[in-house]
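The values are calculated or read from the model by the stated rules, or taken from the named source; none is laboratory data. No experiment lies behind these values; they were computed from the predicted model shown. Cβ placement follows ideal geometry from the backbone for every residue including glycine, while neighbour counts extend to all protein chains displayed. These area figures cover heavy atoms from the full protein model, side chains too; ligands, DNA and RNA do not enter into them. Shrake-Rupley method; radii C 1.70, N 1.55, O 1.52, S 1.80 Å.
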Amino acid sequence: MPIGTPFHSRTSALCVSHNWRVWSGYLVASSYETQHEHEYHAIRHSAALIDVSPLYKYEVSGKDALKFVNRVVTRDAAGCAVNQAMYGCLCDEAGKVIQDGTLFRLGEERFSFHLAEPSLRWFQLNATGMMDVKIQDISAQVAAVALQGPTSREIVKQLCGPELERLKFFRFTFADIGRIRAMISRTGYTGDLGYEIWAPASDAEELWDALMRVGKPYGVTPAGMLALDMARLEAGFILLEVDYTSAEKALIPSQQYSPFEIGLGWTVALDKENFVGRQALLEEQKRGSPRRLVGLEIDWDGYEALYQEAGLAPQLPTAAWRGGAPVYRGKKQIGQATTGGWSPTIKKYIALATVQSKFSQPGTDLFMETTVEYVRKRVKATVVKPPFFDPPRKRA
């Protein structure tokens, strides 16, 4: 039976659509209003408040903490400074991705992981032989909310003081919000200016109230998963079990993906000490990867023409769709689109897709399958390099 997050007393009162979904055993809003468009536009034009408490959170400490972290992540955590965040992935021995997530360095011998799937047992197995490392699951103890959008900086400044304006991209600090001691990070899943705020679960309601009160003049709006999904598509961010399958859940070899195949090759530090999957990834780097993650821009004129042939106006997917849409070169299927939708910001129909490497160069013309009035059709799609939307304010 799913349970409410620490913010549930507040989010349930605001969710007039009663449109909920289950995320890691917790109820979260798909959309607060009957349609998600207003929530999406808050992300891009004012500020959105997104409950991300269901993320799994693990704290790692001890003299062997860095050694352990470097064993399980593809990045070199030695280069992560205290109060810095780092994005990367966890791989199995075959170099296939188990999941991606963020790592925070809280101290010289203290780290925290923020992940989509449970990993405690896998962490414990990989800590075998290390004398001084402690791994704690603190998921239920920490409430997390994302404050995302162009006015989010002003809201944080009002709450915590002007020094927060100097917080750099992928850095974090600690600040008082009223009586609440919170960790505030310049991170998020929207590809926009934004913050994530981490606080004791017992203080969640007070934190939500403060954010809504101070954020009101800046247009703060609670946003659900539908709005977040469109924003992360525009940002070119991948989603576990949508754009790739975890190696732990894959049933056949083709469902297993390496970091190089899902656009995360840049997170692989092959020159650091041995880590889980390193040898397999070294070999793949030498021989090359058979497939790549790309962006697709769907040809609007062609898409519209398919509907005109059926005597219909084009039907825009205003919510990001999930699931496989075959992608072709000529008559041969060479991959699949996994997420797509109409971007209100860049005014284009876009998608993320995995295709054979030889067809992954930007500018390559492919075709994506689409269904018009129950008939399968193909529409031209041009390969582009994600992200589709990358405003300077994100890193400013």
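Give me the helices (runs of 4 or more DSSP H) completely within region 1-76, filtered to those with at least 1 residues that are under 17 Å from ALA146 (Cα atoms), ordered by residue number. Here the list reads 8-14, 37-45. Taking only region 306-345 into account, find how many residues are over 20 Å from the mean Cα position of the chain (by Cα) and open to solvent by 70 Å² or more (accessible area, probe 1.4 Å). Going through region 306-345 one residue at a time, the tally reaches 9.
The set of residues in region 148-164 being surrounded by 15 or more Cβ atoms within 10 Å (Cβ to Cβ) and not in a helix (DSSP H, G or I) consists of GLN148, GLY149, PRO150, THR151. Of everything in region 244-262 that is of a type outside the set (Gly, Ala, Ser) and part of a helix (DSSP H, G or I), the residue that is surrounded by the fewest Cβ atoms within 10 Å (Cβ to Cβ) is PRO253.
Within region 88-114, the set of residues being assigned to a strand (DSSP E or B), among the aliphatic types (A, V, I, L, M) and over 15 Å from TYR244 (Cα atoms) comprises LEU103, LEU106.
Across region 263-284, the qualifying residues are those that are closer than 17 Å to SER357 by Cα and assigned to a loop (DSSP other than H, G, I, E, B), and the one among them that is least open to solvent (accessible area, probe 1.4 Å) is LEU264.
Any chance region 44-64 includes a residue that's crowded, with 18+ Cβ neighbours inside 10 Å and free of Cβ contacts under 8 Å to residues at least 24 places away in the same chain? No, there is no match, as no residue in region 44-64 is crowded, with 18+ Cβ neighbours inside 10 Å and free of Cβ contacts under 8 Å to residues at least 24 places away in the same chain. Checking each residue in region 285-305 for being open to solvent by less than 10 Å² (accessible area, probe 1.4 Å) and within 18 Å of SER360 (Cα to Cα) picks out VAL294, GLY295, LEU296.
Which of the residues spanning region 311-343 are within 15 Å of GLY295 (Cα to Cα) and part of a loop (DSSP other than H, G, I, E, B)? Of everything in region 311-343, just one residue is within 15 Å of GLY295 (Cα to Cα) and part of a loop (DSSP other than H, G, I, E, B), namely ALA320.
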